1. Once amide H atoms are built 1.01 Å from N in the peptide plane, which residues 5 or more positions from residue B:159, or in another chain, come under 5 Å H to H?
2. Quick one: Karplus J couplings for the range A:71-85, per residue in order, coefficients 6.51, -1.76, 1.60, θ = phi - 60°, nearest Hz, x for Gly and Pro?
3. For the protein assembly as shown, what D do you get in µm² per second when you plug the Kirkwood radius from alpha-carbon pairs into Stokes-Einstein at 25 °C and 0.890 mPa s?
4. Can you give the mean number of other chain Cβ atoms that lie within 10 Å of the Cβ atoms in peptide B:95-104?
5. Please turn the phi angles of the range B:186-196 into ³J(HN,Hα) values with the Karplus equation 6.51 cos²θ - 1.76 cosθ + 1.60 (θ = phi - 60°), one per residue in order, whole Hz, x for glycine and proline.
6. Determine the sum of side-chain charges near residue B:85: Lys and Arg each +1, Asp and Glu each -1, restricted to other residues whose C-beta is under 11 angstrom from that of residue B:85.
7. Stretched out fully, how many nm does the piece from residue B:70 to residue B:212 gain, at 0.36 nm a residue minus the Cα gap?
8. Among B:12/B:47; B:47/B:251; A:92/A:269; B:111/B:131; B:12/B:251; A:222/B:131, which pairs are too far apart, with a Cα-Cα distance over 20 Å?
Amino acid sequence: MTEQTVSQSPPPGRRRKPSGKAAAKGAAGAPLPGGGASGSSGPVRIALRRTWREKHGQTATVWGVRLLLIVVVLTAWELMGGTLFDITFTSKPSAIGGRLAEWWADGTLWTHSWVTIQEIVYGFLLGALVGAIAGFVLASLQLAYRVLDPFIMALYAIPKVALAPLFIVWFGIGMHMKVLLAAATVFFLVFLNTAAGVREVDRGLVDAVRLMGGTRRDIARKVVLPASMTGVLTGLKVAIPYALIGAVIGELVASNQGLGYLINDAASKFDTAGVFATLVVLSVVAALLNVCVGLIGRRVNRWKPVEAQG
Amino acid sequence: MTAVLQAERLTKQFAKDDSAIVALRDFALSVEEGSFVTVLGRSGCGKSTMLNLLAGLTEPTEGTVSHRGKPLTGPDIDIGYLTQSDTLMPWRDVQRNVEMPLEIRGGVRAKERRRTAAALLNRVGLDGFGKHYPRELSGGMRRRASLARMLAGSPSTLLMDEPFGALDAQLRTELQEELLRLWQGSGQTVVFVTHDIEEALLLGDRIVVLGALGRIVADERITLQRPRHVDALRVDPEFVRLHTTMAAALKEGSS
């Protein structure tokens, strides 16, 4: 019976050998009703005083070197254009800047950019939406996915550029055709990544919801949907440049407005400065879209460890 | 005493190509209301398969599982199951993980859910950790959170599959005692699977030793006084006797 009296009121720290480690953990051994005492086990957060250099030094260096790189490349280009290279083919930064300013002033830049931006955004949204929904639904239906998988892969492998002539026949040379061309590319990328995300959901999590009495709908909404968000976001991220490609290719093939048209028009007049100026605008558009998706990703992936948030 | 869980002629085999791997054969077990049964067995003896069947997660190839007299056809919210690995939703913070069973059951208002979850977190010693995501917690704290989530569904039968297997010895002792404290007086029935003889004897009212394919090689009552304490138990003659018997049974069962 002595054992009973002992265990009824264990003296503090009785369970732990008084080693340095246990002592450092402190109240971790306190009994349960103490409430929250066990919280002190594990890592502890402390305030840290660091100088601006320690905190931001590396970021500052990276940005500094990036800036330097741009300056060096542009200067070299400027100096070599007209001396080492024929300016007709390579143009030079000052001429490109001049062309941009000129287009900006007469409104050309904005009119054409706006058309292309619309095509990209609509195409991206349409493709992403349909792709995510189709990926989610189809991957949830195991049998259907297995049946359709080879066909989808075959369609995915078609170069979307090859669809342009067909789309012109179907939808004319207006904006619809470019939007759909962009959407077709985006669709497959988002679809495949979403489907992969859905199919890689941890069985343990699904079983956990089943044990709570969850229906298929609960499983889809509370496990599969959040778990597949990583896949959806990867899809969105890789699809951005393809939305641009789709829209611009569409414009290159047949159009009378948009940045693709502007490239074609400038090139046909041997205006390389104009071609490069358009390319600059396109990369700015791509960068802006990337930032948007990055912002969504940060919100959705808040639960992930920092190093995996990319 | 009535049987809460009853398994009869349970057989489970996993088909692969032209053959099947038998994990459990003709297994029978009857668990009494309010008892704490520990199931002891070596790795690969079908312990997890048995628990999955008792939980209704998988269907037996043959035989039946009845829960409170009714045959079990799928998971039942009256049966809680704490699996070996953590299955907390990584995108939900601890508080929302614990609320999940209530959320799925429905009919409980959000405010009520939050209060229940907070009370449970307090009971398992996770006060102030509600807003943390599972990855921010240590292994032991995740176990506590899983325990709280299981208890949130207020099941009357608890199944546990080596829940403390991955923890260090001190933490395991701590959590074992907390589990006993939570269980005592709750009237809940527990089936606790482990490969550790000491753990089985410390926790259970009754110990069942499984041999290969889930053959029962020993089934004994544990009459050790409660509350039990591991350091005191080790020198208790009854404990030593049981320990020796069980070790022999384990050895016999696997040969």
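Any read-out appearing in this document is the output of simple, stated calculations on the displayed coordinates, not a laboratory observation. Bear in mind that the values here come from a model prediction, so they are computed numbers and not experimental data. Here Cβ is always computed from backbone atoms with ideal geometry, including for glycine, and neighbour counts include all displayed protein chains.
1. Placed amide hydrogens put B:80, B:81, B:82, B:191 under 5 Å from residue B:159.
2. Per residue, the Karplus-derived 3J(HN,Hα) values read 4, 4, 4, 5, 5, 4, 4, 4, 6, 7, x, x, 9, 7, 10 Hz.
3. Rounded, D is 85 µm²/s.
4. Shielding by partners across B:95-104 averages 3.
5. Rounded to whole hertz, the list is 7, x, 7, 9, 10, 10, 10, 9, 7, 10, 9.
6. So the environment of residue B:85 carries a net charge of -2.
7. Roughly 48.3 nm would be gained on extension.
8. Among B:12/B:47; B:47/B:251; A:92/A:269; B:111/B:131; B:12/B:251; A:222/B:131, the Cα-Cα distance tops 20 Å for B:12/B:251.
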